[in-house]
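Below is one structure, written out as structure tokens; comments come after it.
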């Protein structure tokens with residue numbers, strides 16, 4: 001089973017559509033900033049399960065600022081990241097994810113892709129779906145779970161220029 005992780009789409013629907021077409025996910029995460037893009041993507045793929053949180057640039061929506069869910073046995077904590085100061089340090093974000101009992105912690109906000117493993121959990125920032133903003137390439141994340149054994153892997157995918 002495959003979970004597609006996106007953030008900071010900033011109205012770049014084409015990159016989002018291409019990511020879905022290429023990765024063929026079973027579920028999609030959107031980590032905010034232009035959550036309306038996630039709503040639009042959901043209209044294109046109503047058969048896919050969506051998990052989304054609001055970002056610091058999302059207004060007038062009732063979506064949550066953080067979510068915890070289980071995907072094929074893998075415990076996932078997701079939030080935008082701005083409330084935890086992730087541009088300065090990941091410590092409070094990691095602490096929150098650990099207190100939730102997460103296996104994987106997902107965040108956005110920095111536009112910079114990252115995968116990191118601590119002794120307690122995997123951390124992923126999928127980067128940004130916008131085109132080469134602030135010098136960072138457009139990217140997204142994939143979490144692939146082996147349904148047989150529950151093992152998972154996290155990876156980043158960079159879109160061509």
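Since every read-out is calculated from the coordinates, none of them should be taken as a lab result. Given the structure is predicted, the values throughout are model-derived calculations rather than measurements. Note: ideal-geometry Cβ built from the backbone for every residue, glycine included; neighbour counts use all protein chains shown.
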Legend entry - Diffusion constant of the range 2-158 at 4 °C, which comes from Stokes-Einstein with the Kirkwood Cα-pair radius and 1.567 mPa s, µm²/s: 85 µm²/s
Legend entry - Helical mean residue ellipticity (222 nm; -39500 (n - 2.57) per DSSP H run of 4+; nearest 500) of the chain: -5500 deg cm²/dmol
Inset, instruction - Using a 10 angstrom cutoff on alpha carbons, build the Gaussian network for the chain and name the most mobile of 50, 22, 69. - result: 22
Inset, instruction - Using DSSP, restrict attention to beta bridges with both residues in the range 2-158 and report what percent are antiparallel, rounded to the nearest 5. - result: 60 percent
Legend entry - Computed over the chain: relative contact order in percent, which uses C-alpha pairs under 8 Å that are six or more apart: 23 percent
Legend entry - Order of 158, 140 - criterion: other Cβ atoms within 10 Å of each residue's Cβ, fewest first: 158, 140
Inset, instruction - Taking the Cβ of each residue in 24, 87, 100 as the centre, tally the other Cβ atoms inside 10 Å and list the residues starting with the fewest. - result: 24, 87, 100
Legend entry - Ranked by how many other beta carbons lie within 10 Å on average, peptides 102-114, 6-18 from highest: 102-114, 6-18
Legend entry - GNM top mover of 139, 89, 23 - the chain, alpha-carbon springs below 10 Å: 89
